[in-house]
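Worksheet: the structure to be examined is printed underneath.
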Amino acid sequence: MSTLSPTEENYLKAIYKLGEKLEEDAHINTNSIAHAMNTKAASVTDMLKRLSDKELVTYQRYKGVKIKEKGLFLAKKLIRRHRLWEVFLLEKLHFKWDEVHEIAEQLEHISSDELTQRLDKFLQYPRFDPHGDPIPDADGNITYHNDSIELCDFKEGEQGVIVGVKEHSPEFLRYLEQQKLVLDTHLKILRKHTYDDSLLVQINQQEITLVSSKVSRNLYAKRM
């Protein structure tokens, strides 16, 4: 199989991530991919045909696309590199968690398996990236936070620890940092307001703050 271009890799990653949200064997429609890639549907169709010719996806006109086993493995390798670079940028170069994504988008296209393995070893084999997303291992296996739920599903009196974010925009990540709602933060739900579904929470057994419904729906936490 010929080497993929960065654009082809980006499409493959987008298809994989969209497929994660769907039921097994479901097709991903062209418009969803166009939205994810911020491009026109016609451009998506051309790319899907190219990926189909390389036997990475199955494309059916008017029905959509499904990623094949080869494409799935390559997408996971790309995501593995991206998330390892995010860890490196945060832990070793001291970038902030709202800065690492864009840089990792460029570094992920360095496709050296040896470099990826050494990076993984250097970082002591991290399982999750700075946003709480799982890092696939060298074989493509993924370990999820299976016991995590959206913060909005917590009840009054329950306690938990933030383990991930659903929304990855720099603006949202900066907001969370300002509010001290970062990964590994301990929370206790003091009150759940039925009017607007906002939460009154205590952070790290100290200060008390109000968390909006929008924010609580974009945070993952584990009960304690």
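The values are calculated or read from the model by the stated rules, or taken from the named source; none is laboratory data. All values derive from a computational prediction rather than experimental measurement. Using ideal geometry, Cβ is built from the backbone for each residue, glycine included, and neighbour counts are taken over all protein chains shown. Accessible surface areas use protein heavy atoms only, side chains included; no ligands, DNA or RNA. Shrake-Rupley method; radii C 1.70, N 1.55, O 1.52, S 1.80 Å.
Count of the stretch 180-217 residues, restricted to those that are over 21 Å from the mean Cα position of the chain (by Cα) and open to solvent by 60 Å² or more (accessible area, probe 1.4 Å), is 14. Each residue in the stretch 13-27 was checked for being crowded, with 17+ Cβ neighbours inside 10 Å and either among the β-branched types (Val, Ile, Thr) or part of a loop (DSSP other than H, G, I, E, B) (or both), and 1 pass.
Scanning the stretch 106-127 for residues that are closer than 24 Å to Pro170 by Cβ and in contact (Cβ under 8 Å) with a residue 24 or more places away in the chain, we see that the one that is most open to solvent (accessible area, probe 1.4 Å) is Ile110. A Cβ distance below 7 Å, combined with a sequence gap of six or more or placement on separate chains, defines the contacts here; from the stretch 139-167, residues that are in contact (Cβ under 8 Å) with a residue 60 or more places away in the chain and open to solvent by less than 90 Å² (accessible area, probe 1.4 Å) reach residues that are basic (Lys, Arg) and part of a loop (DSSP other than H, G, I, E, B) in the pairs Glu150/Arg217; Cys152/Arg217.
Name the single residue, out of those in the stretch 48-65 being open to solvent by 60 Å² or more (accessible area, probe 1.4 Å) and among the charged types (D, E, K, R), that is farthest from Thr3 (Cα to Cα). By that ranking, first place goes to Lys63. Taken residue by residue, the stretch 142-154 has at least one member that is within 29 Å of Lys188 (Cβ to Cβ), touching a strand residue (DSSP E or B) at 6+ places or on another chain (Cβ under 8 Å) and assigned to a helix (DSSP H, G or I).
Among the residues of the stretch 173-193, those that are in contact with a Lys or Arg (Cβ under 9 Å, 6 or more places away or on another chain) and closer than 23 Å to Phe95 by Cβ comprise Leu173, Arg174, Glu177. Any residue at all in the stretch 86-96 that's under 14 Å from the mean Cα position of the chain (by Cα), farther than 13 Å from Ala138 by Cα and open to solvent by less than 50 Å² (accessible area, probe 1.4 Å)? Yes, the stretch 86-96 contains at least one residue that is under 14 Å from the mean Cα position of the chain (by Cα), farther than 13 Å from Ala138 by Cα and open to solvent by less than 50 Å² (accessible area, probe 1.4 Å). Is at least one residue of the stretch 168-181 assigned to a loop (DSSP other than H, G, I, E, B), in contact (Cβ under 8 Å) with a residue 24 or more places away in the chain and at positive phi? Checked against the condition, which is being assigned to a loop (DSSP other than H, G, I, E, B), in contact (Cβ under 8 Å) with a residue 24 or more places away in the chain and at positive phi, the stretch 168-181 yields at least one hit. Among the residues of the stretch 4-12, are any buried (at least 16 other Cβ atoms within 10 Å of the Cβ) and either assigned to a loop (DSSP other than H, G, I, E, B) or without any contact (Cβ under 8 Å) to a residue 12 or more places away in the chain (or both)? The answer is yes, given that some residue of the stretch 4-12 is buried (at least 16 other Cβ atoms within 10 Å of the Cβ) and either assigned to a loop (DSSP other than H, G, I, E, B) or without any contact (Cβ under 8 Å) to a residue 12 or more places away in the chain (or both). With the requirement that a residue be among the small types (Gly, Ala, Ser) and under 24 Å from Ser111 (Cα atoms), what does the stretch 129-179 give you? The answer is Gly132, Ala138, Gly140. Just one of the listed residues (Thr45, Thr39) is hydroxyl-bearing (Ser, Thr, Tyr), assigned to a helix (DSSP H, G or I) and open to solvent by 20 Å² or more (accessible area, probe 1.4 Å), and it is Thr45. Tally the residues that are over 10 Å from Leu151 (Cα atoms) and hydrophobic (A, V, I, L, M, F, W, C), restricting the search to the stretch 189-220. Final tally of qualifying residues: 6.
Selection of the stretch 168-179 for residues being touching a His at 6+ places or on another chain (Cβ under 7 Å) and either open to solvent by 80 Å² or more (accessible area, probe 1.4 Å) or charged (D, E, K, R) (or both) yields an empty set.
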